[in-house]
Structure formats: structure tokens, C-alpha cells
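One structure is given here, and the rest of the page talks about it.
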Number of protein chains: 2
Amino acid sequence: MRNLNQETITQAVIARLAQTPDARLKELMTSLVQHLHAFARETRLTEPEWQMGIEFLTAVGHKCSPTRQEFVLLSDVLGLSTLTVAMNHDKPAGCTESTVLGPFYVADAPRLPNGADLARGAPGQPCLVQGRVCALDGAAVAGAEVEFWQSDAEGRYDVQYEDLDEHRARGVLSSGSDGRFELRTVLALPYPVPVDGPVGQLLGATGGHPWRPAHMHFKISAPGYEPLTTHVYRQDDPYLDSDAVYGVRHSLIAPWVDDGQGMHRIEFDFVLQRRAL
Amino acid sequence: MRNLNQETITQAVIARLAQTPDARLKELMTSLVQHLHAFARETRLTEPEWQMGIEFLTAVGHKCSPTRQEFVLLSDVLGLSTLTVAMNHDKPAGCTESTVLGPFYVADAPRLPNGADLARGAPGQPCLVQGRVCALDGAAVAGAEVEFWQSDAEGRYDVQYEDLDEHRARGVLSSGSDGRFELRTVLALPYPVPVDGPVGQLLGATGGHPWRPAHMHFKISAPGYEPLTTHVYRQDDPYLDSDAVYGVRHSLIAPWVDDGQGMHRIEFDFVLQRRAL
């Protein structure tokens, strides 16, 4: 274990990891070390590049706060989030597909009654969202917890406003006995992922744009069903084919109907997968 | 670029990276994404594991400060630092070998005269370190900048003391016209890498011990020569074969001689590699 060189170091680290008591942690760390070293070897990583990597990860960490998850954003723009979601949600046809959580989910969103105005003053045109939570056989899922969040007409989530001490365009409600839910919000627009941090700099340096197509976030859970984390996208959005975080799925795109009186209406049903017994 | 699944996501990300203006950044990011995705695919990474990874990296970032580099420590215990150093310092035989920088280097160490007491009150037995900076042909390298840092008898570096506002057992001096340098310090002892952060928790969970063999850090630079970052280790140290950061090299081990009067003496010469013209 002394005098390790570029050929022997990987096996030395793996040999030490062999002592890991937890079998899964051993598997994860062994694979991680192999791939991390393979990356460094394949690219002949230089010391200044290693240093830049350390500084980049440190900056990502320092950008993380209770309301901003820059590592999630990094995972998103590297496609790791979409890969992980895809591997873990191989569902029966007909169930609503999952997509990425994104960096702006918060656990303490306000609980509001079904039908409530979740906008609570967020800037934007009014929008009515209705739908039904059901099982694959069409049975209503009553009392499902529907967590909702989205950005406003400024392209920002509530948690991105430094001086805002309440939640806007975000809330949790329960589906009714018929599985239906209804909420009022503002019209979501395309927006750029935050470019004021190191991940935004990386996106810029790799020539990628930061834009996401307009979408609303939903996280739906009910006893006996697999939890669902997903988006609803707007039909004909210009960024559907170049989403900065690779999250678009055909089945999650819906018409957002302008009623001609300044209000948009969106109808979307969520089909949950029953939890395996 | 919509409806990406676990098979197609990797190529989609790589296709987007193809726009990267800087060829080397494109190469690095493309390789990184391939290996990151291969890791996730090979392990069938679950969403809770992904979440744990996000939280771990965030905690590592939050532990980083101007005087504590937890990402460097992570790179060290994963063997990435040793791999990177080994790939980048393939030197002619006879040149002093490089090893890891470690997380406790700071750029603003005090400049002190050759022969000075660098301990400046650090706890520990007195120790005299002498040596010579020279070229491969034996020619003295005069005026080389010799940066030195080490932990004290408590196993801590100066920057690990929250209330200490000056540097101890750390300093920068210049080699004399004969290439020689001399410094007084305290006897370095084996110590554990910091286990009060997420990397320490990871080490614990993987069954590895956190100990490093006793060593002194040197970073030596002189015009016309490749900079050298290295350690000097103590002969017969119990951790030479199980260094937590994989940094030991035979050629960097020296006798640390007890003079029988409470003082240790260490003599070590540093042979620099001439910079390619």
C-alpha cells in the first residue's frame, strides 16, 4: 500500500473498500472509484484541471442553501437526474410518467383547501388547473396529497426572492372523494435555470442555453400507491425539444387553453401506480 | 431531445456538449458524463441513493472554508489525488517524487529567514530539519522557495485551531546560495485526517481508518524548475502501509534521528526537475 502509481492506485483503493460492512455501500463506492479513476485516466487529468474541479465543486456547495440546491441543478444539467428517474420508474403503460424533481422543491409548502388560489400574489396571468388522481383501472384516488410548485411570470420561484418570507405559486392540497383537485395559480412561462452560480457558468462554457419549457411541478402521494414526481408541460412551447435539464416527456405535454378572457385553463389527470404488495 | 430514457439520455447530453467551444472542456465533460452515467447504470442507482449523494456533496461543500478543503480530502481518500499526481509527475529517476498536496495548504504562510523557528509555539518536541535543494546533476538551486507545513503534537494544523489567528509550524523560506535550508519545528506525529465532517463519516462507513503516517509537507519552487509538492515521512512509522490518503512513497521516507537530548534531526535533499524549454 505504499509507492502506489497510476496503474496500482485504483486496485489499492478498491481493496481497502472491501472492508465496508454495508454491501450496497461497498458496491456503490467501488463502482464510483473505478469510474472516477477511469475518467481521470482517460482524460489524463492535469493538476490545474483537478484544482479547477475542486474549486468548481466547492463553489457548487457554497451556492447550496435551504432554498437553492445547486448540486441538484448540476445533476439535472448533466442528465444524471433524468437517468436516475428513468431507471427507477419503469411503469406500466398508462401510468403518468415521472420526471425530475428540480432544485426548487421545498418540504414545507403551505396546505391549502382544494380549489384554493395558490398564486397568493405571484405575478402572472391567472390560470386554472384541474384534474383527477386515479389508479390505472380508473378508480378515483381520494385524499391524495397533491404538492404543486411553479415559477411566476418573472421566471422565478418564490424561494428565489430573497425578501419574500411566504410561499407563492406553491402549495399542498388533497384530492376530493372523486379524486378531483382544482387550483388557481399564474400562467407558467419558459424560464432559464439559475445562471448566477457555478452550474450556470458551466452551462455557458459548454455552449448550452439555460432555458426550460414552461411547466408546473407536481408531487403526488397516496397510501397504497407509488409516489409520483412529475411536470405538466405546455403544448407548442419553443423549448420542448431543448430543455436544459432533459426532463420533457410526450405524455406530460397538455394544451394550456386560453379562454379568451385573460384566463388559461389546464386539465390533466394523474394515473398512479399501485405499490407492489 | 424529448422522451429521453435510460438508454438515450447519455447520447443526448453528449450531443449537446458537442457545442462546447473549448476543445479540452468538451473532452473533459464528455468523458465525465459517460463515466457518471455508467456508474449510475452499473449500480442501478436508486432515487434515495441519488438524494444521499446530493446531500453528501452538499455537506462536503458546506464544510469547505478558506482553511479547510473537504473536497480535497474527499479526492485524497478516494485515491484521485494520488492518481492525478502520479499521472502528472512522471519524472526522471533521481528527482524527488511528488505526492498529494492535502487539504491544509494555505497560500499566505509567513516568510521567515533560513534557519528560523517555524514552530512559533506549536506544541511538540523540538525538531531540526536540514536539507539541500539541487538539480539532478547535483548543482545547488539557490533562492528556491521552500514552503513548509505540518501538524503539531496534537495532530492538528494551525488552521484547525479556531481561535488561532497566526500561523504555526508553517512558513516559507529561501534556500541559500549553496542550495541549503534549515528550519526548526516540532516533531510531527501520526494523526487522523479530520473525521468531524462528511468525508470522515464516509471513511468510517467504509471501514477505513483515518490515520496518516507522520510527515512534513514541502512545496518547493525555483525559476527554471518544475514545482515540487511532496512530503517527508518517518522511517518505521506504523501507518506507512495504510496511509488514509495513499500518499506514501519509498523514496520519501527518511530516518528522523533522536539526538538523545530531546531533539530530533531530519536531513532530506530535494532534487528538482528542470523545466522543459
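Coordinate-derived values only; no laboratory data. As the structure is a computational prediction, the values presented were derived from the model and not from experiment. When we count neighbours, we look across all protein chains shown, and the Cβ atoms used for this are built from the backbone with ideal geometry, even at glycine.
Under the simplified labelling scheme, the A:D117-B:A107 pair shows an inter-label distance of 5.3 nm, with each label point 7 Å from Cα along Cα→Cβ. The share of Cα pairs per 5 Å bin across the stretch B:102-225, counted from zero up to the longest distance, runs 2, 11, 19, 19, 18, 13, 9, 6, 3, 1, 0 percent. Spatially, the stretch B:149-209 and the stretch B:67-81 are offset by 15 Å when compared through their Cα centroids.
Each of B:R24, A:R265 has some number of other Cβ atoms within 10 Å of its Cβ, and from fewest to most they run B:R24, A:R265.
Consider all pairwise Cα distances in the stretch B:152-223 and report the whole-number % of them above 14 Å. Let's see the in-between values first.
On the way: 1794 of 2556 pairs.
Cα-Cα pairs in the stretch B:152-223 separated by more than 14 Å: 70 percent.
Could you calculate the FRET efficiency of A:A38 with B:D236 from 1/(1 + (r/R0)^6), where r is the beta carbon distance between them and R0 is 30 Å, rounded to 0.05? Efficiency computed from Cβ-Cβ geometry: 0.25. The amide H of B:F270, built 1.01 Å from its N in the peptide plane, has B:R132, B:V133, B:C134 as neighbours under 5 Å, considering only residues 5 or more places off or on other chains.
Rounded to the nearest whole Å³, what is the per residue volume of the convex hull around the Cα atoms of the stretch B:210-260? Walk me through the numbers before you get to the answer.
Values: hull volume 5.2 nm³, N = 51.
Roughly 102 Å³ of hull volume per residue.
At 10 °C and a viscosity of 1.306 mPa s, what translational diffusion coefficient does Stokes-Einstein give for the stretch B:90-162, taking Rh as the Kirkwood radius over Cα pairs? Give it in µm²/s as a whole number.
On the way: Rh = 15.0 Å.
My calculation gives 106 µm²/s for D.
Close amide-amide hydrogen proximity is noted between B:E182 and B:G115, each under 5 Å apart and 5 or more residues distant or on a separate chain (H modeled in the peptide plane; Pro and chain starts excluded).
Helices in chain B that qualify as membrane-span-like (whole DSSP H runs, Cα extent of at least 27 Å along the helix axis, mean Kyte-Doolittle hydropathy of -0.5 or higher) are B:23-43. Each 20 Å bin from zero holds the following percent of Cα-Cα pairs in the protein assembly as shown: 19, 44, 26, 11, 1.
Using the Karplus relation 6.51 cos²θ - 1.76 cosθ + 1.60 with θ = phi - 60°, the per-residue 3J(HN,Hα) values for the stretch B:99-113 come to 8, 5, 6, x, x, 10, 5, 10, 7, 9, 4, x, 8, 9, x Hz, with x marking Gly and Pro.
Counting helices only, and only those DSSP H runs with n ≥ 4, report the 222 nm mean residue ellipticity of chain A as the sum of -39,500 (n - 2.57) divided by its residues, in deg cm²/dmol to the nearest 500. Write down the numbers at each step before the final one.
Working: 6 runs with 72 residues, N = 277.
Counting only the DSSP helices, I get -8000 deg cm²/dmol.
Here the chain A residue lying nearest the rotation axis onto B, judged by its C-beta and given with the distance in whole angstrom, is A:G61, 0.
Summary for A:V106: label point 7 Å along Cα→Cβ; distances to the equivalent points in the other copies, ascending, 3.6 nm. Using the Karplus relation 6.51 cos²θ - 1.76 cosθ + 1.60 with θ = phi - 60°, the per-residue 3J(HN,Hα) values for the stretch A:178-189 come to 8, x, 7, 9, 8, 8, 9, 8, 10, 5, 6, 10 Hz, with x marking Gly and Pro. Label-to-label distances across copies for A:Q125, with labels 7 Å out along Cα→Cβ, in nm, shortest first? From this label point to the equivalent ones elsewhere in the assembly: 8.1 nm.
Using only the Cα atoms, work out Rg/Rh for the stretch A:181-277, with Rh taken as the Kirkwood radius, to two decimals. Could you put the intermediate results ahead of the total?
On the way: Rg = 16.1 Å, Rh = 15.4 Å.
With Rh from the inverse mean 1/r over Cα pairs, Rg/Rh is 1.04.
Taking 0.36 nm per residue of sequence separation and removing the Cα-Cα distance, the A:E267/A:W211 pair yields an extension gain of 17.7 nm.
How big is the Kirkwood radius of the stretch A:1-105, worked out from every pair of different alpha carbons and given in Å to one decimal? Please list the in-between numbers first.
Working: mean 1/r = 0.0592 Å⁻¹.
That comes to 16.9 Å for the stretch A:1-105.
Taking every Cα-Cα distance in chain B and sorting them into 10 Å bins starting at zero, the pair-distance distribution P(r) comes out as 6, 24, 30, 21, 12, 5, 1, 0 percent. What translational D, rounded to a whole number of µm²/s, comes out for the stretch A:1-45 from Stokes-Einstein when the hydrodynamic radius is the Kirkwood one over Cα pairs, at 25 °C and 0.890 mPa s? Value of D from the Cα-based Kirkwood radius: 221 µm²/s. In a DSSP loop and with at most 14 other Cβ atoms within 10 Å, the GluC sites (Glu not before Pro) in the stretch B:1-90 are B:E7. Note on B:D90, B:D163: ascending count of other Cβ atoms within 10 Å places them as B:D163, B:D90, the fewest first.
For A:P223, inter-copy separations between label points set 7 Å beyond Cα along the Cβ vector come to 7.9 nm, shortest first. Residues whose amide H comes within less than 5 Å of that of A:R265, counting only those at least five positions distant or on another chain, are A:L128, A:V257, A:D258, A:D259 (H built at 1.01 Å from N in the peptide plane).
Which of the GluC sites (Glu not before Pro) across the stretch A:141-214 are loop residues per DSSP, with 10 or fewer other Cβ within 10 Å? Let's see the in-between values first.
Values: sites: A:E145, A:E147, A:E154, A:E162, A:E166, A:E182; in loops: A:E154, A:E162, A:E166.
Counting only loop positions with at most 10 other Cβ atoms within 10 Å, the GluC sites (Glu not before Pro) in the stretch A:141-214 are A:E162, A:E166.
For the pairs A:K91/B:K63; B:K26/B:K91; A:K63/B:K26, note any where the Cα-Cα span goes beyond 32 Å.
Details: A:K91/B:K63 39 Å; B:K26/B:K91 29 Å; A:K63/B:K26 24 Å.
From A:K91/B:K63; B:K26/B:K91; A:K63/B:K26, over 32 Å: A:K91/B:K63.
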